[in-house]
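Visitor: Next up is a structure, given as structure tokens.
All of the numbers you see were taken from the coordinates with simple rules; none came from a lab. The structure displayed is predicted, hence computed values, not measured ones. With ideal geometry, Cβ positions are generated from the backbone for all residues, glycine too; neighbour counts draw on all protein chains shown.
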Amino acid sequence: MQHLISLEDMDRDRLLTLLDRAQQFAELDARAAQPDSLAGVHVVNLFFEPSTRTRLSFEIAAHRLGADVVNFDAERSSTLKGETLADTFRTVEAMGAQLFIVRHGDSGACELLSELAGSGTHIVNAGEGRNAHPTQGLLDMLTIRQFSALPFEQLSVAIIGDIRHSRVARSDLHALRALGCRDIRVCAPDALLPDAGELHGYRVIDVTDDALRNADVVMTLRLQRERMEDGLVDSLEGYYAGYGIDQRRLSLAKPDAFVMHPGPMNRGVEIESAVADGPRSAILRQVANGVAVRMAVMEALVEHCN
Amino acid sequence: MQHLISLEDMDRDRLLTLLDRAQQFAELDARAAQPDSLAGVHVVNLFFEPSTRTRLSFEIAAHRLGADVVNFDAERSSTLKGETLADTFRTVEAMGAQLFIVRHGDSGACELLSELAGSGTHIVNAGEGRNAHPTQGLLDMLTIRQFSALPFEQLSVAIIGDIRHSRVARSDLHALRALGCRDIRVCAPDALLPDAGELHGYRVIDVTDDALRNADVVMTLRLQRERMEDGLVDSLEGYYAGYGIDQRRLSLAKPDAFVMHPGPMNRGVEIESAVADGPRSAILRQVANGVAVRMAVMEALVEHCN
Amino acid sequence: MQHLISLEDMDRDRLLTLLDRAQQFAELDARAAQPDSLAGVHVVNLFFEPSTRTRLSFEIAAHRLGADVVNFDAERSSTLKGETLADTFRTVEAMGAQLFIVRHGDSGACELLSELAGSGTHIVNAGEGRNAHPTQGLLDMLTIRQFSALPFEQLSVAIIGDIRHSRVARSDLHALRALGCRDIRVCAPDALLPDAGELHGYRVIDVTDDALRNADVVMTLRLQRERMEDGLVDSLEGYYAGYGIDQRRLSLAKPDAFVMHPGPMNRGVEIESAVADGPRSAILRQVANGVAVRMAVMEALVEHCN
């Protein structure tokens, strides 16, 4: 594995290997001795969309493995002076950077860069268009494995919210299917559902209450404010009434069900504060697992070419 | 001591312990071997107000103790997307960051975060509202101790300028009183004095010349340009005439008196260049002491929970 | 050598010493053990003009030598609050930073800072006004030495483009002359040539084809878009027709001639993509050499005072 662009074609064995290694990192105290798998490696955060939380998570993960990290502030860089994405990438690669953490608004940007990359250079997709956010998918799987007593094959997973525009949902769907999950329910306003035939392996359920009934895992997605401006959602209040995860709705799921959210949360829009901060919230564990998963991914990529 | 939020309740012994340790760091060459008290610790600069100089000082201090440092650019972060301060904090904490250097425009922000923090997480107030800037207070005390032959109990300290809006002045007042200083004189235009009863332990003196007479220490404060816009100060020239520290005024103080300023300076507004750059200026020593004090503080907080 | 401000007065021996050391770094794998020549040194990127690529190159070079790096974001700093350049510099110096990488729009800024600097502080000019960009000059010389079989004394070098406003061209001219190069040809629209008598040691050639004929090295320069806005260039198309380096023009140079560009490139303006990406392009090697040269420079400056 030279790059991590998507979970779409990742097989079950590779997924499990990454999750097992991430679990070790999740259990390793940050102040204990760490493997220096990335010693001498320069990691570059090449972010064309701002995302402080994802950048920090990668940065902390890279530091823990002994890497040096530099931040490429794409909003201020020569891309402003008309340099192409390819030239920007080749330039930083020529400086000796080996691991590129790429965030970009356009689907396909990471694929493009991976085609340009030399054999010792690695691309990690840190969120791209509406296409894929594979480390988020992995950290969600790690979280499910930690919280659930059941194997993926027996889980019922409800995904509530803007699946249409969500790279998180796409990566989650790919990973859940690869891990054998057979009951994936999706619920959202029509305008926020994917086009027919675009995605596979899930059932659309019209009513949120029905989607949650006896679910083991409840994943809710962030509602971008742009959806309002674009007229896809009438009002935040109406969205919350129809799709917000509150305590009443959560009580329809299994007694040991838990709630996930990729963050940042809109409290009172897609999730009730009592749920977000409650005993069945896995949200902060997701964040912690993000560091562990990114350590596992970066280590696997760099070891690939040693 | 898990957090450093204010000097208001810090007792004399703890203050002196921190100053003693800071003095050791001040004498330790930066290229010599340093204690790795923060090895494996992630320090996060969580700055909601820009302050390059304070951020750099903490960053250099943290590096010298072996920490990894990440910068959270609050102006570009998810706080823009409507995430609450509490969620932002909890998220970065969940990533494994242990030491939060917090700068915020609102008084109370650090207190709020300290209530959310887990037992292994530390908050350092790096300037908050008009409330407190405790590491500035500590570095000022360290500087006074280095420059003055007298103990705090026998010092006459004149603080000239915008005490009303100054978190620096508040932290200095707390520390000076805890260290036993009995002669603290304050001088400013009426609109820049604190409300009656808000602060204690100082005398208001109307005329700058009188405030400086036989003083051992002259602290002058930055005049924010907003004070002009808000009509609290008529003109910069008038302010300088009334409250600027120039060579003539300084000659009224004791022969070995010295001048301090928290920076950045408005030359020709609150201080004359000949004074700022003269032999009785302690201003650059304050900056150097800032690194030493921050090393001592961060070390003390992290060792607290080991 | 305490500072690196310009190549104007650097003699041949010192230039060759730096290039020899840089060559060693260019051949040293980034993941192999590196000399820790900058251990305990704080390097500050003090950039008053944005330049992500130059900053990254210095940052990677500094990390490889074991330095800690902090970024001073001059656009957001106290310079905005009216602090002078001198005060900003003295403040960061007082924090213990030893190596200042300075980028500034005004010619003379680095000279000014070098006069303020203490004996253990070093200034590296990372691009200043239209005056000098000495590490770019050095990396260009290293690249020429790697690509060319001939000694500098026998080389024909054609510099095409906006020499008038180019600090890169000035540093290249200084270095080429110090290394003995006798055939330096310059070609540009009249408005982009330097004033008569300002620079020395080159011949102006009116027609690009003539300038390239039998050249060993073709250096093309970036055309800033401002030149259009200022009316110095009529159109990008016209500029490309007259001065763009394309395959036909390159065929006029010697068969083993190669093309250099300081980046970022305007493809289709000063250079054809087929040339930029072709087998005779040295452009990415220049970028790689930038890291090696900056390692050599920083090491030499810091060792100077040990």
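Visitor: To the nearest 10 degrees, how steep is helix A:12-27 against the longest Cα principal axis of chain A, on a 0 to 90 scale?
Guide: 80 degrees
Visitor: Taking amide H atoms as placed 1.01 Å from N in the peptide plane, list the residues 5 or more away in sequence, or in a different chain, whose amide H sits under 5 Å from that of residue C:106.
Guide: Amide H to amide H, under 5 Å and 5 or more residues apart or across chains, residue C:106 pairs with C:129.
Visitor: Also, I was wondering about something else. If you average the C-alpha positions of the range A:1-52 and of the range C:22-72 separately, how far apart do those two centres end up, in angstrom?
Guide: Answer, in whole Å: 25.
Visitor: Which distances in nm, rounded to one decimal and ordered from shortest, link the label point of residue C:280 to the equivalent label points in the other identical copies, with labels set 7 Å from Cα toward Cβ?
Guide: List, nearest first: 7.1, 7.1 nm.
Visitor: Relative to the longest principal axis of the C-alpha atoms of chain A, give the angle of the C-alpha long axis of helix A:283-304, reported between 0 and 90° and rounded to the nearest 10°.
Guide: Roughly 30 degrees between the two axes.
Visitor: List, shortest first and in nm to one decimal, how far the label point of residue A:206 (7 Å from Cα along Cα→Cβ) is from its counterparts in the other copies.
Guide: Here residue A:206 shows inter-copy label distances of 8.2, 8.2 nm.
Visitor: Still on this structure, I have one more. Let me make sure I get this right: for the protein assembly as shown, a, b and c are the square roots of the gyration tensor eigenvalues over alpha carbons, sorted descending. Under 1.5 in a/c it's rounded, otherwise prolate if a/b > b/c, else oblate. Which is it?
Guide: Oblate is the answer for the protein assembly as shown, as a/c is 1.5 or above yet b/c matches or exceeds a/b.
Visitor: Quick one: Karplus J couplings for the range B:226-239, per residue in order, coefficients 6.51, -1.76, 1.60, θ = phi - 60°, nearest Hz, x for Gly and Pro?
Guide: 4, 4, 5, 4, 7, x, 7, 10, 6, 8, 5, 5, x, 5
Visitor: If you plug each phi of the range C:55-65 into the Karplus form 6.51 cos²θ - 1.76 cosθ + 1.60 with θ = phi - 60°, what whole-Hz ³J(HN,Hα) values come out, in order, with x for Gly and Pro?
Guide: 4, 4, 4, 5, 5, 5, 4, 5, 4, 4, 9
Visitor: Another one. Quick one: with label points 7 Å out along Cα→Cβ, list the inter-copy distances for residue B:84 in nm, shortest first?
Guide: 4.8, 4.8
Visitor: Now for a different question. Name the residue, out of B:270, B:198, B:27, whose mean-square fluctuation peaks in a Gaussian network model built on chain B with Cα pairs under 10 Å.
Guide: Judging by the Gaussian network model, the answer is B:198.
Visitor: Using a Förster distance of 22 angstrom, determine the FRET efficiency expected from the C-beta separation of residue A:115 and residue C:280, and round it to 0.05.
Guide: 0.45
Visitor: About the Cα centre of the range C:134-282, how large is the charge dipole given +1 on each Lys and Arg Cβ and -1 on each Asp and Glu Cβ? Please answer in debye to the nearest 20.
Guide: Dipole magnitude for the range C:134-282 comes out near 460 debye.
Visitor: Taking H as built 1.01 Å from N, whose amide H comes closer than 5 Å to the amide H of residue C:185, not counting residues under 5 places away?
Guide: Sorted by chain and number, the residues that satisfy this are C:157, C:158, C:159, C:203.
Visitor: Shifting gears a bit: Find, among the residues of chain B, the one whose Cβ sits nearest the axis of the rotation taking B to A; state the distance in whole Å.
Guide: Nearest to the symmetry axis by Cβ: B:71, 5.
Visitor: Amide H neighbours of residue B:4 under 5 Å, counting only residues 5+ apart in sequence or on other chains, H built in-plane at 1.01 Å?
Guide: Sorted by chain and number, the residues that satisfy this are B:123, B:124, B:125.
Visitor: What ³J(HN,Hα) values, in whole Hz, does the Karplus curve 6.51 cos²θ - 1.76 cosθ + 1.60 give for the range C:124-132 when θ = phi - 60°, with x put for Gly and Pro?
Guide: Per residue, the Karplus-derived 3J(HN,Hα) values read 10, 6, 10, x, 9, x, 9, 7, 7 Hz.
Visitor: Figure the gain on full extension for residue B:225 and residue B:16 (residue separation times 0.36 nm, minus the Cα-Cα span) and round it to one decimal in nm.
Guide: Separation in residues times 0.36 nm, less the Cα-Cα distance, equals 71.7 nm.
Visitor: While we're looking at this one, here's another question. What average count of beta carbons from other chains do you get within 10 Å of the Cβ of residues in C:53-65?
Guide: For peptide C:53-65, the averaged partner shielding equals 5.
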